[in-house]
Amino acid sequence: MRDTTDMNGGGPAASAAAAPFDPSTLPNATKYLIFAVMAFGQFMALIDIQIVAASLNDVQAGLSAGPDEISWVQTGYLMAELVMIPFSGFLAQALSTRVLFALSAGLFTIASALCGLSWDIQSMVTFRVIQGFVGGAMVPTVFATGYSLFVGPQRAMIPAILGMVSVLAPTLGPTVGGWLTDVAGWRWIFYINIIPGIAVTLLSLAVIKVDRARPAMLKTIDYTHLAAMAVFLGGLEYVLEQGPRYDWFGDPRVAIAGWLSLVAFILFMERSFRSGGPIVRLTPFRRPTFVFACIFNLAIGFGLYSATYLVPVFLGRVRGYDSLQIGTTVFVTGIAQIASTVVAARLSQTVDPRKVITVGLSLFAASLWLSSQVTTEWGFGAFLAPQALRGFAIMLCIVPSVGMALTGFGLIELRYASGLFNLMRNLGGAIGIAVVNTWLADNARIQAARLGENLGAAGARAPEFIAAVAGKIGSVAGDPDQAMLLARGEFAGLVGRFALTASFQEVFRMMAWLFIAALVMVPFCRPLPQGAAAPVDAH
């Protein structure tokens with residue numbers, strides 16, 4: 001296969017330039033190398049979403065930031081990434097996959113180094129926004145490239161491998177971040193990206209040659225469309241991140257962001273259909289199976305990110321685990337995900353994807369239902385079965401949904417389909433975390449009120465318990481008044497733990513019902529045959 005740079009001259013090369021470039025004809029060794037480089041770049045971008053989660057307190061102390069300011073280290077990254085994911089399809093056409101991926105990896109590496117060098121919270125948030133924006137291009141680009149490189153049985157492994165990366169990276173993020181912070185300090189959660197980032201950048205320039213650039217497209221960018229998309233997605237992410245903390249639209253800032261997002265969405269849709277140079281094409285939604293796959297991915301993102309978020313929160317707030325103990329406990333999910341990857345890939349070649357996703361959604365619902373039995377004493381052993389089942393189930397959900405979404409598209413439309421499909425999972429995660437945070441807070445208040453009523457109905461038993469505890473404390477401390485205060489605080493903490501645990505039970509139960517409800521959509525899907533040929537795009 002000739003290098004694309006050899007196709008721009010005269011004679012035979014000019015004839016080759018006029019012909020469609022089919023990346024599936026590349027040698028297998030070249031295809032595997034390209035895919036490995038891009039999959040590792042995707043892993044870097046995804047793990048950095050959550051790598052700071054376990055280290056936010058250390059970052060906050062190191063930068064002398066306030067509690068409200070530190071949340072923007074996460075929110076800024078997610079807002080910027082959401083904007084880039086659908087935009088990457090346009091950029092891949094204009095710059096070529098090679099240049100876009102190398103540029104994304106290189107700028108991501110520079111932004112990571114700058115995050116590690118941050119001197120205050122404002123500089124940190126600025127560099128995290130840049131990091132999220134440039135890194136967001138790597139995620140959908142590798143999906144589109146994988147589907148254009150491989151055909152037949154080889155293609156079946158693409159959703160399995162990339163699905164594993166997509167769910168394993170966020171799971172490992174807090175564990176890796178917490179360990180690095182303990183060993184070397186919080187700045188190293190960013191410095192760790194530098195050497196791998198340089199390697200990915202250089203390898204991308206050397207080996208990724210799957211399409212040709214169309215730089216003339218850069219002159220046709222509809223900046224109104226781009227701005228509308230940025231305000232729509234950024235505003236939506238702000239509402240979802242800040243809403244649970246500030247009483248949703250009762251807070252003026254959240255309400256303003258919500259209205260701006262709504263107006264921008266209307267403008268975005270108008271420009272999508274009427275613009276001469278839209279930066280996102282919605283044509284993949286003409287295919288009903290793609291629509292259903294996106295809805296499934298929205299639900300999968302909801303469950304994946306919410307469950308990944310809830311278990312560490314429970315272990316930290318109820319059990320008092322540190323970051324290393326939390327990471328050790330949740331790591332079980334990643335092991336199960338790896339184990340189920342091969343199973344899901346093989347099933348996707350021989351079994352109707354609707355049957356596979358039915359089993360996956362059912363098992364995921366079962367894992368959430370098992371988690372709803374949580375008590376104040378749950379730790380590694382009790383969470384083992386629910387987490388292993390959830391890790392196994394998620395691959396049975398992701399692999400068939402990716403296949404249904406991306407099969408049968410030509411490379412140009414595949415890029416837009418990949419961006420939109422991946423956007424759905426991230427939106428599902430953002431919506432899920434916002435919803436479960438709201439459910440958790442509301443249910444905790446309800447459960448605390450119920451416990452208060454029950455304690456009131458129990459007559460003197462609660463005061464007797466407090467007096468008994470105070471007596472034991474007083475026998476050691478020697479101060480009866482101080483002992484009573486400590487006993488009341490201990491009792492209030494005990495009631496709070498039970499109320500919060502009951503709230504976790506209810507949230508896991510509601511999530512299980514949502515996954516059961518998602519099964520209703522399965523019979524309506526009409527996936528294309530796995531061997532369906534995709535049109536080859538001419539350039």
**Fill in**
So, with points 7 Å from each Cα along the Cβ direction, the Met510-Leu202 label distance in nm works out to 5.1
**Message:** Under the 0.36 nm per residue contour assumption, what length would be gained going from the current alpha-carbon distance of Asp251 and Thr375 to full extension?
**Reply:** 41.2 nm
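Excluding Ser272 itself, what net charge comes from residues whose Cβ is under 11 Å from its Cβ, given Lys and Arg +1 and Asp and Glu -1?
Taking every other residue near Ser272 into account, the sum is +1.
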**Message:** Please report the net charge: other residues with Cβ closer than 14 Å to the Cβ of Ala365, K and R +1, D and E -1.
**Reply:** +2
**Residues listed by number, segment 338-360, amide nitrogen under 13 Å from Gln154 label point at 7 Å toward C-beta** = none
**Request:** Find out how many positive minus negative residues lie around Val134, taking Lys and Arg as positive, Asp and Glu as negative, among other residues whose Cβ is under 15 Å from that of Val134.
**Result:** -1
**Asked** In nanometres, what is the gap between the two model label sites at Tyr191 and Met217, each 7 Å from Cα along Cα-to-Cβ?
**Response** 3.9
**Request:** Using a Förster distance of 35 angstrom, determine the FRET efficiency expected from the C-beta separation of Ala517 and Ala29, and round it to 0.05.
**Result:** 0.15
**Asked** What order do you get for 515-521, 303-309, 205-211, 393-399 when each peptide is scored by the mean count of other beta carbon atoms within 10 Å, highest first?
**Response** 393-399, 303-309, 205-211, 515-521
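With the cut-off at 1.5 for a/c, could you classify segment 130-262 from its C-alpha gyration tensor as rounded, prolate or oblate? Can you show the working numbers first?
Working: a/c = 1.86, a/b = 1.21, b/c = 1.53.
Because a/c hits 1.5 or more and a/b fails to exceed b/c, segment 130-262 counts as oblate.
We did not get these values from a lab; they are worked out from the coordinates using the rules stated. All figures in this text were calculated on a predicted structure; none of them were measured in a lab. Please note: Cβ atoms are built from the backbone with ideal geometry, for glycine as well, and neighbour counts cover all protein chains shown.
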